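Comments concern the structure below.
The values are calculated or read from the model by the stated rules, or taken from the named source; none is laboratory data. Keep in mind it's a predicted model, so treat the numbers as computed, not measured. Neighbour counts are summed over all protein chains in view; Cβ atoms, including those assigned to glycine, are modelled from backbone coordinates with ideal geometry. Only protein heavy atoms, including side chains, enter the accessible area calculation; ligands, DNA and RNA are left aside. Shrake-Rupley method; radii C 1.70, N 1.55, O 1.52, S 1.80 Å.
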Amino acid sequence: MPHADIAAPRPDAADTTAASDLLRALAAPARVAIVLSLKERAMCVHELVDALHLNQPQVSQHLKVLKNSGVVAGNRRGREVEYTLVDDHIAHIVTDALTHATEGRHE
C-alpha cells in the first residue's frame, strides 16, 4: 500500500486515452453481457447467440469491437473460433460497474 505522503504518478494522455477507449468498447449492454458470459468460460459465437438471445450478426459485430479494443481474443477450434477474455481485469471492471450500478436498488 502506498504511503500517504507519496503521490501516485499521474497517467499521461496516452494512458487516459487508452482507458477511455476501453470504457467506450464496453459501453453497450450486449458487450457487457458478452464479457460476463466469457468470464464464466470460453465460448463460440453460436454459444453466445444462444446464451444472450441475440442474432449472430449482432454478436459478431460486438465481438469485433471487443477484439479490436483488446478485450477478447479468438482462438480457432476446428471450424469455429472460441472467444476468451484477454485478462481478468476486464471481468473485474465489468462486475465492479455492475455492482456500482445496482447498489441501493436491491435494499
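Overview of values
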item: Residues (more than 15 Å from Pro29 (Cα to Cα) and either under 11 Å from the mean Cα position of the chain (by Cα) or modelled with pLDDT under 95 (or both)) located in the range 50-67; result: Lys67
item: Failed criterion for Ala73 (all others in (1) at pLDDT below 95; (2) in contact with a Ser or Thr (Cβ under 7 Å, 6 or more places away or on another chain) hold); result: (1)
item: Count - residues of the range 43-74 that are closer than 18 Å to Ile93 by Cα and aliphatic (A, V, I, L, M); result: 6
item: Residue list for the range 26-54, restricted to those being among the acidic types (Asp, Glu) and surrounded by 15 or more Cβ atoms within 10 Å (Cβ to Cβ); result: Glu47
item: Condition broken by Leu23, with the remaining ones in (1) open to solvent by 70 Å² or more (accessible area, probe 1.4 Å); (2) at pLDDT 95 or above satisfied; result: (2)
item: Pick from the range 68-82, criterion loosely packed, with under 14 Cβ neighbours inside 10 Å and polar (S, T, N, Q), ranking: farthest from the chain's Cα centre (by Cα); result: Asn75
